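K.L.:
I'd like to ask you about the structure that follows.
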Amino acid sequence: MSSPDKKGVVLVQWILDTRPWYPKATQTKDLETHASRALSLLPPSERTSVLRYFHLRDAKMSLASHLLKHYAISKLSSTPWSATTITRNSKTKPVYIDPSTNQEPVSFNVTHQAGIVALVAVANYPNGRAETGVDIVCTSERRARDQKMILTESSGWPGFVDMHADVFAPGEVSYLKHQVLSSVPGLVTGSNPEDLVDGKLRAFYALWALREAYIKLTGEALLAEWLRELEFVSFRPPRPAEAWEVPAREDDVDSDMAQVIKRFDIRFCGEKVEDVNMCLRSMGPDYMIATAVRTPDHKEDGLGWELGPYEILELDEVLDFAEAHR
């Protein structure tokens with residue numbers, strides 16, 4: 001947990017890795033036994049939501065997502081766990097409204113992919129609204145499917161990009177199709193066709209994470225009417241980190257070898273966006289996580305916050321806290 005400034009503002013970036021959770025469970029219904037402790041800490045509607053998932057991996061990520069949100073609210077606002085009622089605002093974004101002040105003491109956003117659940121949150125911000133967004137991608141989760149589609153179908157890489165053109169800016173589509181390889185030295189690490197596709201896919205998923213984090217920051221979703229007006233110009237993905245447990249290097253953020261990228265040319269309706277603080281970092285060889293924060297009323301506050309590495313929490317740490325602060 002970190003304080004990004006001297007005003008007592010707290011910014012946290014937390015991860016729960018659900019991949020090793022409950023190894024004896026083989027299907028979702030097994031969580032009722034093996035995850036009974038964790039499930040007992042959720043409201044009935046959220047327990048039902050977790051157990052509704054067909055795939056066990058999705059149910060575990062849903063469980064982690066619910067736990068992280070309650071943990072952030074309770075820990076950062078000193079609210080009893082049982083009182084951390086989560087509702088949705090007018091844009092359907094999950095929020096916690098303090099009934100005594102009718103304010104949001106904690107601004108948070110959650111993402112999950114391939115067993116990993118991440119949360120970014122800001123608390124105690126005194127100067128208006130703090131907005132947060134986060135997205136995590138895994139380049140290997142659908143690698144076989146993506147590789148087959150790109151290498152065997154006649155439309156190839158351009159066709160793959162065109163499948164998603166309705167949620168990308170026209171400039172991003174053109175960049176992915178025609179420029180990304182020449183614009184990002186070292187993106188391709190081998191000489192066979194699969195290596196070439198892997199490089200392109202890394203750029204694709206990096207863009208996806210950046211856009212998702214920004215969109216979630218605004219409280220909108222992929223159905224936002226302005227999606228194609230948002231553009232990340234000449235973006236590049238971070239280099240892979242050595243392993244999941246090895247933090248990304250922070251010492252070369254402006255070089256072609258950067259594993260963490262913090263400078264972006266973001267345009268909205270052709271105008272340069274200058275009030276959003278973003279970071280795109282590698283976590284191991286396959287995962288990338290994008291984080292976005294903004295303080296609309298005093299942009300210099302959010303721009304000055306340090307978006308560092310994510311802290312990986314242990315499940316028991318969260319459960320122990322919940323039980324001690326009911």
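The values are calculated or read from the model by the stated rules, or taken from the named source; none is laboratory data. Quick caveat, the model's predicted, so the values are computed rather than measured. Note that each Cβ is placed from the backbone with ideal geometry, even for glycine, and that neighbours are counted across all protein chains shown.
K.L.:
Against the definition (among the hydroxyl-bearing types (Ser, Thr, Tyr) and under 19 Å from Lys216 (Cα atoms)), how does Ser62 come out, yes or no? If you could, list the steps in order and put the result at the bottom.
P.N.:
On the way: among the hydroxyl-bearing types (Ser, Thr, Tyr): yes; under 19 Å from Lys216 (Cα atoms): yes.
Yes: the conditions hold for Ser62.
K.L.:
I need the full set of residues from segment 257-272 which are out of contact with any Asp or Glu (no Cβ under 9 Å at 6 or more places or on another chain) and not in a strand (DSSP E or B), in order please. Write out each step before concluding.
P.N.:
Keep residues of segment 257-272 that are out of contact with any Asp or Glu (no Cβ under 9 Å at 6 or more places or on another chain), which gives 257, 264, 271.
Listed by number, the residues that qualify are Met257, Phe264.
K.L.:
If you take the residues of segment 256-295 that are touching a Gly at 6+ places or on another chain (Cβ under 7 Å) and either under 24 Å from Leu119 (Cβ atoms) or polar (S, T, N, Q) (or both), which of them is surrounded by the fewest Cβ atoms within 10 Å (Cβ to Cβ)? It would help to see each step written out before you state the result.
P.N.:
We begin by selecting, within segment 256-295, every residue touching a Gly at 6+ places or on another chain (Cβ under 7 Å); these are 256, 277, 292-295.
Of the ones still in play, those that are also either under 24 Å from Leu119 (Cβ atoms) or polar (S, T, N, Q) (or both) are 277, 292-295.
Working: Asn277: 21, Ala292: 28, Val293: 28, Arg294: 25, Thr295: 24.
Residue satisfying both the conditions and the ranking: Asn277.
K.L.:
Please list, ordered by residue number, the helices (runs of 4 or more DSSP H) wholly in segment 2-110 having 3 or more residues that are closer than 19 Å to Val122 by Cα. First the steps, then the outcome.
P.N.:
Working: elements: 31-34, 36-39, 44-51, 56-77.
By residue number, 56-77.
K.L.:
Still on this structure: Residue by residue through segment 147-180, note down the ones that are surrounded by fewer than 16 Cβ atoms within 10 Å (Cβ to Cβ) and outside any helix (DSSP H, G or I).
P.N.:
Those that are surrounded by fewer than 16 Cβ atoms within 10 Å (Cβ to Cβ) and outside any helix (DSSP H, G or I): Glu153, Ser154, Ser155, Met163, His164.
K.L.:
Which residue out of Ala144, Ala206 is without any contact (Cβ under 8 Å) to a residue 12 or more places away in the chain and either farther than 23 Å from Gly270 by Cβ or not in a loop (DSSP other than H, G, I, E, B) (or both)? Full working, then the answer.
P.N.:
Working: Ala206 fails: without any contact (Cβ under 8 Å) to a residue 12 or more places away in the chain.
Result: Ala144 is the single residue among Ala144, Ala206 that is without any contact (Cβ under 8 Å) to a residue 12 or more places away in the chain and either farther than 23 Å from Gly270 by Cβ or not in a loop (DSSP other than H, G, I, E, B) (or both).
K.L.:
Kindly indicate whether Glu229 is free of Cβ contacts under 8 Å to residues at least 60 places away in the same chain, among the acidic types (Asp, Glu) and under 30 Å from Ser155 (Cβ atoms).
P.N.:
On the way: free of Cβ contacts under 8 Å to residues at least 60 places away in the same chain: no; among the acidic types (Asp, Glu): yes; under 30 Å from Ser155 (Cβ atoms): yes.
So Glu229 fails the test.
K.L.:
Say we look at segment 13-45 and pick out the residues that are among the basic types (Lys, Arg) and without any contact (Cβ under 8 Å) to a residue 24 or more places away in the chain; which of these is surrounded by the most Cβ atoms within 10 Å (Cβ to Cβ)? Explain how you work it out, then say what you get.
P.N.:
Initially, segment 13-45 is screened for residues among the basic types (Lys, Arg), giving 19, 24, 29, 37.
Among the residues that remain, those that are also without any contact (Cβ under 8 Å) to a residue 24 or more places away in the chain are: 24, 29.
Values: Lys24: 7, Lys29: 11.
Among those residues, the one meeting the criterion is Lys29.
K.L.:
Here is a follow-up. How many residues are surrounded by 12 or more Cβ atoms within 10 Å (Cβ to Cβ) and modelled with pLDDT under 95 when one looks only at segment 190-202?
P.N.:
Matching residues across segment 190-202 total 0.
K.L.:
Here is a further query. From the list Ile261, Ile312, pick out the single residue that is within 19 Å of the chain's Cα centre (by Cα) and in contact (Cβ under 8 Å) with a residue 40 or more places away in the chain.
P.N.:
Numbers: Ile261 fails: in contact (Cβ under 8 Å) with a residue 40 or more places away in the chain.
None of the other options fit; the residue is Ile312.
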